[in-house]
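These notes concern the structure reproduced below.
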Amino acid sequence: MVRPRKGVEEGPEYLRKYGLVSGIKELGYKVTDCGDLKVHPVNSENYKYITSCTSVKNSVECGSVAEKLSQEIAKYTKERKLTVTLGGDHSISVGTVFGHASVRKNMCLLWIDAHMDINTPLTTRTGNLHGMPLSMLIKGVPENVAYIGLRDVDPAEREISEKLGIAAYSIDDIDKVGIGEIMQRALERINPEGDRPIHVSYDIDSLDPKETPCTGTPVKGGLTLDEGIYISQIVAQTGCLSAVDVVEFNPAIGNDEQVIRTASNTMKLITILLGQESHLKHAPPPPVD
Ligand code: DIR
Ligand code: MN
Ligand code: MN
Ligand code: MN
């Protein structure tokens, strides 16, 4: 079993210190930093049965976070606020997507990730809940979900996603036709009339480890920084962005230079998603292997 990596819980505080809040304010937003989600420690004695019959790690704690976070996101979404939730690992999206979708019933979801995160407690090979959030969110035929950036998919995940018919755009697809064409296809699929609120769940391991090295499960051959920026820019231009998760930045991994590089590139993805102009203008970056 791979040793769990400490430190991903420190991502939000690092990004705050790096200047994320003022960076967003500079774009003209009124920003409220709600601070870290306060979660009361869970007495797992009360859940002995649950914890002893599953190999899923931290299931009780993650369940508690999901419940609380979904209530918070639902509250802000009702107030017509755009929420930006920083992870932590990708298990937080159980809460953010559930909360968002409970208010915006017609929302659609862009899952930008090297991984599918659609294992179930029965198919998981790691026990990590950050490899499972989508399996807890998907209902029926999910024509409102698309993956972008895939390159490390478990056999069971491929089977599940194919059975459900989820649109999946891999790095190979992007290398073949370019990110411009892929973004067009993805948005056409999940938001054909351009009238649905968009939830972006941005796992920074979708990018190549050269761009965002400080993450728990890096996979080589990822999105270039320009491709990542282009995704942000195109979503911003739809005017439909309604909620964002940015997850898996772990400042305890790597040396100082790598941590700063990861924070800087992560911040770019966020501010451009929120409307900051990028150097790309209108031309998508060409496909590169
Ligand atoms: C693997 C890896 N499919 C798992 N997934 C990761 O643990 O289920 N997701 N790293 O972020
Ligand atoms: Mn993920
Ligand atoms: Mn991932
Ligand atoms: Mn490429």
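Among the candidates I182, I253, which residue alone is more than 17 Å from the chain's Cα centre (by Cα), within 16 Å of ligand 2 (Cβ to nearest atom) and β-branched (V, I, T)?
Working: I182 fails: within 16 Å of ligand 2 (Cβ to nearest atom).
Exactly one residue qualifies, and that residue is I253.
I'd like the full set of residues that are of a type in the set (D, E, K, R) and surrounded by 18 or more Cβ atoms within 10 Å (Cβ to Cβ), limited to the range 247-260.
E248
Please find, among V153, V97, V141, the residue that is farther than 29 Å from T32 by Cα and touching a His at 6+ places or on another chain (Cβ under 8 Å).
V153
Tally the residues that are among the hydroxyl-bearing types (S, T, Y) and in contact with a Phe, Trp or Tyr (Cβ under 8 Å, 6 or more places away or on another chain), restricting the search to the range 233-267.
Going residue by residue through the range 233-267, those that are among the hydroxyl-bearing types (S, T, Y) are 238, 242, 262, 264, 266.
In the following step, the residues that additionally are in contact with a Phe, Trp or Tyr (Cβ under 8 Å, 6 or more places away or on another chain) were identified as 262, 264, 266.
The number of residues fulfilling the criteria is 3.
Which number in (1) in a helix (DSSP H, G or I); (2) open to solvent by 70 Å² or more (accessible area, probe 1.4 Å); (3) not polar (S, T, N, Q) marks the one condition that D33 misses?
Only one criterion in (1) in a helix (DSSP H, G or I); (2) open to solvent by 70 Å² or more (accessible area, probe 1.4 Å); (3) not polar (S, T, N, Q) is unmet by D33, namely (1).
Open to solvent by 10 Å² or more (accessible area, probe 1.4 Å) and over 20 Å from L274 (Cα atoms) - does that describe any residue in the range 223-243? Spell out how you get there, then give the answer.
Here is the first cut: in the range 223-243, the ones open to solvent by 10 Å² or more (accessible area, probe 1.4 Å) are 224-226, 230, 233-234, 236-242.
Now restrict to residues that are over 20 Å from L274 (Cα atoms): none.
No, the range 223-243 contains no residue that is open to solvent by 10 Å² or more (accessible area, probe 1.4 Å) and over 20 Å from L274 (Cα atoms).
Does the range 75-88 hold any residues that are under 14 Å from V8 (Cα atoms) and open to solvent by 40 Å² or more (accessible area, probe 1.4 Å), and which are they?
Result: L86, single match.
Just one of (1) at pLDDT 95 or above; (2) surrounded by fewer than 24 Cβ atoms within 10 Å (Cβ to Cβ); (3) out of contact with any Gly (no Cβ under 6 Å at 6 or more places or on another chain) trips up D208, so point out which.
In the conditions (1) at pLDDT 95 or above; (2) surrounded by fewer than 24 Cβ atoms within 10 Å (Cβ to Cβ); (3) out of contact with any Gly (no Cβ under 6 Å at 6 or more places or on another chain), D208 misses (3) alone.
So S55 passes all but one of these: (1) away from ligand 1 (no atom under 16 Å from the Cβ); (2) at pLDDT below 95; (3) open to solvent by 60 Å² or more (accessible area, probe 1.4 Å). Which condition number does it fail?
Looking at each condition in turn, S55 falls short on (1).
Test I160 against the criterion of being under 17 Å from the mean Cα position of the chain (by Cα) and of a type in the set (V, I, T), and give yes or no.
Spelling it out, it is not the case that I160 is under 17 Å from the mean Cα position of the chain (by Cα) and of a type in the set (V, I, T).
Hey, could you check the range 84-129 for residues that are more than 22 Å from A186 (Cα to Cα) and among the β-branched types (V, I, T) and say which is nearest to ligand 2 (Cβ to nearest atom)?
Here the answer is I92.
Give me the pairs, please: first residue somewhere in the range 146-159 and touching a residue at least 60 places away in the same chain (Cβ under 8 Å), second residue anywhere and within 12 Å of ligand 2 (Cβ to nearest atom) and aromatic (F, W, Y), beta-carbon distance under 9 Å, and either six or more positions apart or on two chains.
Going by the 9 Å Cβ cut-off, the qualifying pairs are I148/W111; G149/W111.
Which is open to solvent by 20 Å² or more (accessible area, probe 1.4 Å), within 14 Å of ligand 3 (Cβ to nearest atom), among the charged types (D, E, K, R) and without any contact (Cβ under 8 Å) to a residue 60 or more places away in the chain, of K220, K268?
Numbers: K268 fails: within 14 Å of ligand 3 (Cβ to nearest atom).
Only one candidate qualifies: K220.
So the check is Cβ under 8 Å with 6+ separation or different chains; which pairs have a first residue in the range 271-289 that's open to solvent by less than 20 Å² (accessible area, probe 1.4 Å) and a second one that's in a loop (DSSP other than H, G, I, E, B)?
Once the first residue is open to solvent by less than 20 Å² (accessible area, probe 1.4 Å) and sits in the range 271-289, its partners that are in a loop (DSSP other than H, G, I, E, B) give T271/L27; I272/S278; L274/L27; L274/Y29; L274/L82; P285/G178; P285/T224.
The values are calculated or read from the model by the stated rules, or taken from the named source; none is laboratory data. Worth saying up front: this structure is predicted, and the values here are computed from it rather than measured. Neighbour counts run over all protein chains shown; Cβ positions are idealised from the backbone, glycine included. These accessible areas exclude ligands, DNA and RNA; they are computed on the full protein's heavy atoms, side chains included. Shrake-Rupley method; radii C 1.70, N 1.55, O 1.52, S 1.80 Å.
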